Amino acid sequence: MADTATASTLTLPVDDALLVRLHGTACITCGTTTGPLYGAGHVYTAVAAGQDGCLGWAVVACPEHLAAA
Ligand SMILES: [Zn+2]
């Protein structure tokens with residue numbers, strides 16, 4: 001069983017603004033799409049509402065939020 005205790009798992013459904021961030025086209029923290037964006041690891045969501053398991057999303061962050069992501 002995967003240890004997800006330290007990973008944040010987002011609850012479904014997510015709104016469009018969050019989906020853009022999960023797709024890695026906007027900073028995961030503030031949502032900016034301008035400036036350099038850097039890989040910031042993964043965020044997890046449930047596979048589907050009410051189901052076990054999680055999906056990992058490779059997300060990005062702006063320089064300001066890179067350390068916090
Ligand atoms: Zn940011």
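Summary of computed values
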read-out: Helix-derived mean residue ellipticity, 222 nm - over the chain, DSSP H n ≥ 4, -39500 (n - 2.57), to 500; value: -2500 deg cm²/dmol
read-out: D_trans [Stokes-Einstein, Kirkwood Rh over alpha-carbon pairs] for segment 9-61, 20 °C, 1.002 mPa s, µm² s⁻¹; value: 191
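Read-outs: derived from the displayed coordinates by stated rules, not from any lab. The shown structure was predicted, so the numbers you read here are calculated from the model rather than taken from an experiment.
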